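The values are calculated or read from the model by the stated rules, or taken from the named source; none is laboratory data. Predicted model, so just to flag it, every value in this text is computed and none were measured. Reconstructed Cβ throughout: ideal geometry from the backbone, glycine too, with neighbour counts over all protein chains shown. Please note that ligands, DNA and RNA were not included when accessible areas were found on the heavy atoms of the full protein model with its side chains. Shrake-Rupley method; radii C 1.70, N 1.55, O 1.52, S 1.80 Å.
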Amino acid sequence: MNLFLNCLRLDIKSSAKRRYEVASILICSASLTLIILVFLSLRVGLSEMIQSAGSSKQLILLGNGSESEVISSFNFQQVEQLKTLVNANSSNPVIAPELFTNIRVADAAKHEVQVVAVRGVGDDSLKLRSHFSIQSGRMFSSGRRELIVGDKLVSRFPWLGLNQTITLGSLEWTIVGVFSTTETVAESEIWGDVSLLQDAYNRGPIFQSIRIGLEDAINAQAIVKMLNQENNRISLVAKTQRQYYAGQIDEMTQFVDIIAIPSIIILMLATGFSTLQSMHTMIEARQRETAVLRAIGFPAANLASSMFSVTILISIAGAIVGILVTLGIFSQAKAVILNHLSLSEVVFPFSITWQSALVAVLASVAIALAGGLPPTFISLKRSIVNAIRKG
């Protein structure tokens, strides 16, 4: 043990003189940790947001056999038929047909144009949103061209705040309130009176989805089974909210993976090669010193272990820097991703957990070790005489 500690002390002193190589390993380790941690935080934040929105006691019905509200539709007769079926098979359900569409909105100078989701809701729709509350302003009045906006949407686009006006159809609408709800997906939407929005878009009595609140999860599963059996007569897809949002998680996380995974792989390769080069330079600069230590009796295993330990310590230091930078930049930040099923943006916070930080640190250390392994063994296999002569 004493021999190992002596070797480690010598390696640390020698590394302190190789500032460029140490800085290279530190920067690569910090960068890799930051990228992995941001990627994992995106996935965790997105998953937490969608999962918190789902309920096993509520159903979402989509028409035309669709998986998306954008191309789903129910006419008035279909809605009434479905109400009759559900009422006949459950006790006191809450049934809320809703309109859903996407619009392009811009600030006053039209410098920033975004696609956002607009939902037409009624009184029963609000009963199905747990812990719905108006954070500022007031609720829209039925029969008036007024809107309320989710607080996550307002935090990103201040020009969608209180008393602002936007154009829906060919008419101007006034934003009178900002709301929040535990169904956090909805906080990236704009809500208004369903009947007025139908008129604004000349849709008549057409709805995009039907939400149903039931007394318990068992009854909800029974209704899902019954409605899906009716698919021969009414082309629909019936799911619990939890199932519906689980599908959206898969779609959106796949989108995140497509962007993030290649970036992480490239950065891991770059980090490995950089560590390999830096460790090779550091070891080559010490080859005579290492050969002398071997000649006077220091075991090669102790020398290799101490070199690896220094690499681990530098990588851990870099990983800690990466974690601190990530916390400083992203702890209060919000991410935005396109929901491919609704074709609208979803706003959600980063979720930086200790598990994600641990994975990022371990990945950084593993890559550093892989980069440090070849030059270490090459150095220790070299003849002592040749090492002293070259040094």
Next on the checklist: Full-extension gain between Ala217 and Ala366, please, as 0.36 nm times their residue separation minus the C-alpha to C-alpha distance.
Outcome noted: 49.1 nm
Next on the checklist: Along the Cα→Cβ direction, 7 angstrom out, place labels at Ser130 and Glu172. What is the inter-label distance in nm?
Outcome noted: 4.1
Checklist entry - Per residue, how much accessible area does the stretch 120-198 have with a 1.4 Å probe, in Å²? => result 40
Checklist outcome for this item: Note on the stretch 79-236: alpha-carbon gyration tensor, axes a ≥ b ≥ c; rule is a/c under 1.5 for rounded, else prolate if a/b larger than b/c, else oblate; result prolate
Item to check | Projected label distance in nm at Thr165 and Arg19, using a 7 Å step from Cα toward the beta-carbon | outcome: 6.3
Checklist entry - Any idea how far apart Arg138 and Lys225 come out in nm if each label point goes 7 Å out from Cα toward Cβ? => result 4.8
Next on the checklist: At 0.36 nm per residue, and after removing the present C-alpha to C-alpha distance, how many nm does the segment from Gln243 to Gln332 gain when stretched out fully?
Outcome noted: 29.1 nm
